[in-house]
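The values are calculated or read from the model by the stated rules, or taken from the named source; none is laboratory data. It should be emphasised that the depicted structure is a prediction, and the values quoted were computed from it without experimental measurement. Cβ placement follows ideal geometry from the backbone for every residue including glycine, while neighbour counts extend to all protein chains displayed. Calculation scope for accessible area: heavy atoms of the full protein, side chains included, ligands and nucleic acids excluded. Shrake-Rupley method; radii C 1.70, N 1.55, O 1.52, S 1.80 Å.
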Amino acid sequence: MESSDLYPITRLAAAREAAAVAGLDALLLTPGPDLRYVTGYEALPLERLTCLVLPVKGEAFLTVPRLELPAAEHSPASRLGIEFVPWEETDDPYAAVAARLGGVARVGLADRMWALQSLRFRDALPGAEQVLAGTVLRDLRMRKSPAEVAALREAGAAIDAVHAQVPGFLRAGRTEREVGRDIADAIIEAGHAVVDFVIVASGPNGASPHHELSDRVIQPGEPVVVDIGGQMPSGYCSDSTRVYCLGEPPAAFAKYYDVLLRAQEAACDAVRPGVSCESVDAAARDVITAEGYGEYFIHRTGHGIGLETHEEPYIVAGNAEPLAPGHAFSIEPGIYLPGAHGARIEDILVCTEEGGERVNHRPRELVVG
């Protein structure tokens, strides 16, 4: 996939227009997903300042440490036709940015900007109100283009290929950490550039949604929650959860797993343009609550995904935002019984004109091996 398709040069103008509508004078985007979205440049997050300065009025420029200039020049940002402004080790890049900007009243800072950088900008621009650039870029980033949807499909297929291998890694007597190492290797082998996370939660550890890998030995007959994801070379992320069992599962677990499967299906079926995020959350939650497991569903139904594993829109109670074509997000209800076991089923969906398109296609039924 060409970077020009995923990171078109038109995003610079779109970001400037969004900043103007929001009443900002400039966007200041340091390394992270906001900068990569607008420019395609995956800059290293360093204490030395790299920053796209995008004034609403005036020419954009990218200030970079001298030693990072070659990387910037070889990145997709070189297609934008903007000036690259290198700075030397003894320069003050914050003062230089402020001098070029002149008097500004409101600036948008990248959501992932380090505090040490935002505070330096506060000192360099003492009269400027600082707001989050994410509030300005959110609508642009939420509505995925056809190229972005294609990248998410590619990521979905790659993580599906890893889940297809998981039964071969899971054996009684192995530790979660040992299985996790095999999965991490498989994530890279499947085409990801980065392993973002590997959750292998066996037995009672499955009751903790974000369990870290441990040296716990997996026992026969135990359910194991496997939640995995990574970032593709495109920058777009994968995220999918399946549940496996080494032998016949406990009867109590099998009962609520069937409820969970129906809840996930109900939420996926509810996806279509114009439907609110909270109503999709309710579609899953209502099924689980009706069966008596409501108190054990302890998190939102889903999160947006793209250049970040977690981004807007969030599929959660209280979010009345309507879904629109191009929105991409997880549907991942879970049931967690403390001290016993837990389960979660997760797919990434894209809202289309017709409804919801899954980008993950592995079987969602309990995998018994």
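Residue by residue through region 101-134, note down the ones that are in contact (Cβ under 8 Å) with a residue 24 or more places away in the chain, part of a helix (DSSP H, G or I) and surrounded by 14 or more Cβ atoms within 10 Å (Cβ to Cβ). The answer is Leu101, Gln117, Arg120, Phe121, Ala124, Gly134. Here Pro322 clears all of (1) open to solvent by 50 Å² or more (accessible area, probe 1.4 Å); (2) within 21 Å of Glu265 (Cβ to Cβ); (3) in contact (Cβ under 8 Å) with a residue 12 or more places away in the chain except the condition numbered (2). Is it true that some residue in region 224-231 is open to solvent by less than 10 Å² (accessible area, probe 1.4 Å), in contact (Cβ under 8 Å) with a residue 40 or more places away in the chain and not in a strand (DSSP E or B)? Within region 224-231, not a single residue is open to solvent by less than 10 Å² (accessible area, probe 1.4 Å), in contact (Cβ under 8 Å) with a residue 40 or more places away in the chain and not in a strand (DSSP E or B).
Among all positions in region 341-349, there is no residue which is assigned to a loop (DSSP other than H, G, I, E, B), in contact with an Asp or Glu (Cβ under 7 Å, 6 or more places away or on another chain), under 18 Å from Glu148 (Cβ atoms) and hydrophobic (A, V, I, L, M, F, W, C). Could you look through region 9-31, keep only residues that are under 18 Å from Lys144 (Cα atoms) and in contact (Cβ under 8 Å) with a residue 24 or more places away in the chain, and pick out the one that is least open to solvent (accessible area, probe 1.4 Å)? Per the criteria, the residue is Ala15. Within region 71-96, residues that are hydroxyl-bearing (Ser, Thr, Tyr) reach partners that are open to solvent by 70 Å² or more (accessible area, probe 1.4 Å) with beta carbons closer than 7 Å, at six or more positions or on different chains, in the pairs Tyr94/Arg120. Each residue in region 135-169 was checked for being open to solvent by less than 10 Å² (accessible area, probe 1.4 Å) and not in a helix (DSSP H, G or I), and 0 of them qualify. For region 236-251, check the following and say yes or no: at least one residue is more than 21 Å from Leu337 (Cα to Cα), in contact with a strand residue (DSSP E or B) (Cβ under 7 Å, 6 or more places away or on another chain) and surrounded by fewer than 20 Cβ atoms within 10 Å (Cβ to Cβ). No, because not a single residue in region 236-251 is more than 21 Å from Leu337 (Cα to Cα), in contact with a strand residue (DSSP E or B) (Cβ under 7 Å, 6 or more places away or on another chain) and surrounded by fewer than 20 Cβ atoms within 10 Å (Cβ to Cβ). Kindly evaluate Ala172 against the criterion of being over 25 Å from Ser208 (Cβ atoms) and either open to solvent by less than 20 Å² (accessible area, probe 1.4 Å) or more than 22 Å from the chain's Cα centre (by Cα) (or both). Here the answer is no, as Ala172 does not meet what is asked. Annotation: Gly294 fulfils all but one of (1) open to solvent by 40 Å² or more (accessible area, probe 1.4 Å); (2) among the small types (Gly, Ala, Ser); (3) closer than 15 Å to Ala317 by Cα; the unmet one is (1). Count of region 230-259 residues, restricted to those that are within 14 Å of His163 (Cα to Cα), in contact with a helix residue (DSSP H, G or I) (Cβ under 6 Å, 6 or more places away or on another chain) and not charged (D, E, K, R), is 3. The selection criterion, being modelled with pLDDT of 95 or more, more than 19 Å from the chain's Cα centre (by Cα), assigned to a strand (DSSP E or B) and hydroxyl-bearing (Ser, Thr, Tyr), holds for Tyr244. Residues of region 273-316 that are small (Gly, Ala, Ser) and in a loop (DSSP other than H, G, I, E, B): Gly274, Gly292, Gly306. Restricting attention to region 64-100, which residues are open to solvent by 50 Å² or more (accessible area, probe 1.4 Å), of a type in the set (D, E, K, R) and in a helix (DSSP H, G or I)? Selection gives Arg66, Glu73, Arg79, Arg100.
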